[in-house]
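S.K.: Following this message is one structure expressed as structure tokens.
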Amino acid sequence: QVQLVESGGGLVQAGDSLTLSCAAASGRTFSSYGMGWFRQAPGKEREFVAAIDWSGANTYYADSVKGRFTISRDTAKFTIYLQMNSMKPEDAAVYYCAAAPGTGSLRLGNVEVWGQGTLDNVSS
């Protein structure tokens, strides 16, 4: 059963913006969970990108995206978003949505549920 459904990936040019969405599915809501985004580029390990706590009040970012990416969540729609601005070629990757009981464990990669991933390509 797919519990997290990502959307919004695509091909953009360097400097452009893109927004990813991740919606809870299959009867899950993840209302009390920390949620976030990871990415994996070809030949590289999956890395943490951003996380948000259950209330949406606290957010965390990897240094490589800080100031360019914004994570948010709509608790009524059980959906999180990743607004990516000023995209760079090195942002090209498969982006995965993730959920964990807390943002601390999520940021360490201790994820309970993964999405299937959405591909983002950035041309220079």
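The values are calculated or read from the model by the stated rules, or taken from the named source; none is laboratory data. Source: prediction; values computed, not measured. Glycine also receives a Cβ, built like all others from the backbone with ideal geometry; neighbour counts cover every protein chain displayed. Heavy atoms of the whole protein, side chains included, go into the accessibility calculation; ligands, DNA and RNA do not. Shrake-Rupley method; radii C 1.70, N 1.55, O 1.52, S 1.80 Å.
S.K.: Which whole-number percent is the relative contact order of segment 34-124 (Cα, under 8 Å, 6+ apart)?
M.R.: Result for segment 34-124 is 31 percent.
S.K.: Leaving out same-chain residues fewer than 8 places away, which lysines sit with a Cα under 22 Å from that of Lys66?
M.R.: Lys44, Lys88
S.K.: Which of Val122, Asn58, Trp37 sits farthest toward the positive end of the charge dipole of the chain, with +1 on the Cβ of Lys and Arg and -1 on the Cβ of Asp and Glu?
M.R.: The one lying farthest along the dipole's positive direction is Asn58.
S.K.: Moving to a separate point now. Suppose all protein chains stay in the model; what accessible area per residue would a 1.4 Å probe give for segment 35-105, in Å²?
M.R.: Normalised by residue count, the accessible surface of segment 35-105 is 47 Å².
S.K.: When DSSP assigns beta bridges and you keep just the ones with both residues in the chain, what percent turn out antiparallel, to the nearest 5?
M.R.: Numbers: 36 of 39 bridges.
Around 90 percent of the beta bridges assigned by DSSP in the chain are antiparallel ones.
S.K.: Add -39500 (n - 2.57) for each DSSP H run of 4 or more in the chain, then divide by its residues: what number comes out at 222 nm, to the nearest 500 deg cm²/dmol?
M.R.: Counting only the DSSP helices, I get -1000 deg cm²/dmol.
S.K.: While we're here: Would you mind telling me the share, in percent, of accessible area of the chain contributed by carbon and sulfur at probe 1.4 angstrom?
M.R.: Result for the chain: 47 percent of the exposed heavy-atom area is carbon or sulfur.
S.K.: If amide hydrogens are placed 1.01 Å from N in the peptide plane, which non-local residues have theirs closer than 5 Å to the one on Gly117?
M.R.: For Gly117, the qualifying residues are Glu6, Cys97.
S.K.: Each residue of segment 83-88 in order: what ³J(HN,Hα) in whole Hz does its phi give by Karplus 6.51 cos²θ - 1.76 cosθ + 1.60, θ = phi - 60°, with x for Gly and Pro?
M.R.: Couplings: 8, 10, 10, 6, 5, 10 Hz.
S.K.: Protein chains only, probe 1.4 Å: how do Trp54, Trp37, Trp114 rank by accessible area, largest first?
M.R.: Numbers: Trp54 155, Trp37 0, Trp114 90 Å².
Solvent-accessible surface, decreasing: Trp54, Trp114, Trp37.
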